[in-house]
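The values are calculated or read from the model by the stated rules, or taken from the named source; none is laboratory data. Just so it is clear, the structure is predicted and the values come from calculations on it, not from any experiment. Every residue, glycine as well, gets a Cβ built from its backbone with ideal geometry; the counts of neighbours run over all protein chains shown. Remember, those area values only see protein heavy atoms, side chains included, never the ligands or the DNA or RNA. Shrake-Rupley method; radii C 1.70, N 1.55, O 1.52, S 1.80 Å.
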Amino acid sequence: MSVGPVLYLAAFLFCVGLATLITRRNLIMMLLGLELMLNGANLNLVAFGSARASSVEGEMFALFVILVAVCEAAVGIAIVLRVYHFFKTSDPGNISQLKERF
Amino acid sequence: MAALYILVIIAALSGLGLLFVKTVLNAALSLVICLLSIAGIYIVLHAEFLAVVQILVYAGGILLLIIFGIMITSTPQDVRPASKWPSFLLAFLPALMLGTCLNGVIPAEATRSSNTIATFGIELMTQFAAPFEFGGVLVLVSMVGAMITASFQKQKQ
């Protein structure tokens with residue numbers, strides 16, 4: 001079975017996630033874009049791993065990526081809540097206390 | 001094979017929905033569809049264990065967390081990007097380039113045995129036992145850290 005379409009999908013999801021991360025003006029949307037990027041990378045790992053029979057390294061790597069993504073999401077949401085509580089906004093453009101004022 | 005193409009199309013469309021949908025909650029629901037169809041792709045690629053983990057952890061855990069985050073922060077309408085075309089190009093052109101590059105390096109086709117869960121479990125507990133344990137420690141630490149970070153308590157004077 002050809003994994004070509006899966007590779008295109010992986011690249012597509014990675015780039016859509018990156019575009020979401022860059023263009024959306026909301027902290028939670030940025031986290032969602034990050035999750036999409038991680039899923040694109042995972043699809044790549046699984047697709048290339050499935051091309052090699054009798055080896056589970058690709059899947060194993062993807063499993064650990066999911067593990068780290070869980071930790072990242074938990075800590076990320078906690079930080080977003082904290083930032084929202086302090087600044088009363090979730091627009092990263094308005095969170096500028098550390099930015100130098102001209 | 002047809003199932004693979006259908007799942008790929010669903011995942012691509014719902015992933016694109018994440019970029020163009022207006023509200024954050026709709027984007028999160030679009031991401032749920034995308035993640036579930038990715039789990040289906042894992043099943044087609046004979047990575048059954050990973051499909052189950054994907055549904056349990058991503059569609060169950062992370063999205064629940066994110067939806068609660070959306071409800072708590074309850075932002076007004078997310079401002080859409082100023083113009084569509086830059087983000088559209090930003091998504092499509094690199095995807096095409098990256099996909100073409102990756103498509104060029106596919107190794108020779110091979111078929112896998114249909115049931116790899118047993119092999120996967122044995123490998124996880126023997127060869128990959130150390131990363132597994134470190135992963136457990138990482139989850140514990142990040143859970144405690146997230147709880148401490150998110151808990152609002154009044155500052156003592």
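Size descriptors for chain A, from the alpha-carbon set: Rg then Dmax equal 17.4, 61 Å. Residues in the range A:15-27 carry Karplus couplings, in order, of 6, 5, x, 5, 5, 4, 4, 7, 8, 7, 9, 7, 5 Hz; the curve used is 6.51 cos²θ - 1.76 cosθ + 1.60 with θ = phi - 60°, and Gly or Pro positions show x. Placing +1 on the Cβ of every Lys and Arg and -1 on the Cβ of every Asp and Glu, with nothing else charged, gives chain A a dipole about its Cα centre of roughly 420 debye.
A simple count of charges around B:Gly135, restricted to other residues whose Cβ falls under 15 Å of its Cβ and scoring Lys, Arg +1 and Asp, Glu -1, yields -4. Between chain B and chain A, roughly 6600 Å² of accessible surface gets buried, counting both sides and using a 1.4 Å probe. Rolling a 1.4 Å probe over the protein heavy atoms gives the range A:4-93 an accessible area of 33 Å² per residue. Rolled with a 1.4 Å probe across the full set of protein chains, the surface gives A:Leu13 an accessible area near 0 Å². Work out the charge dipole of chain A with +1 on the Cβ of Lys and Arg and -1 on the Cβ of Asp and Glu about the Cα centre, then indicate which of A:Thr23, A:Pro92, A:Leu34 is farthest towards its positive end. Final value for the positive-end residue is A:Pro92. Of A:Met37, B:Met1, B:Met71, the residue with the largest accessible area leads and the full order is B:Met71, B:Met1, A:Met37 (1.4 Å probe). Taking label positions 7 Å along the Cα-Cβ direction at both B:Ile43 and B:Val137, the computed distance is 3.7 nm, reported to one decimal.
Peptide B:140-148 is shielded by partner chain Cβ atoms: per residue, an average of 4 of them sit within 10 Å of its Cβ. Note on B:18-26: average number of Cβ atoms from other chains within 10 Å of each residue's Cβ is 4. Shielding of peptide B:64-71 by partners, expressed as the average count of other chain Cβ atoms within 10 Å per residue Cβ, is 5.
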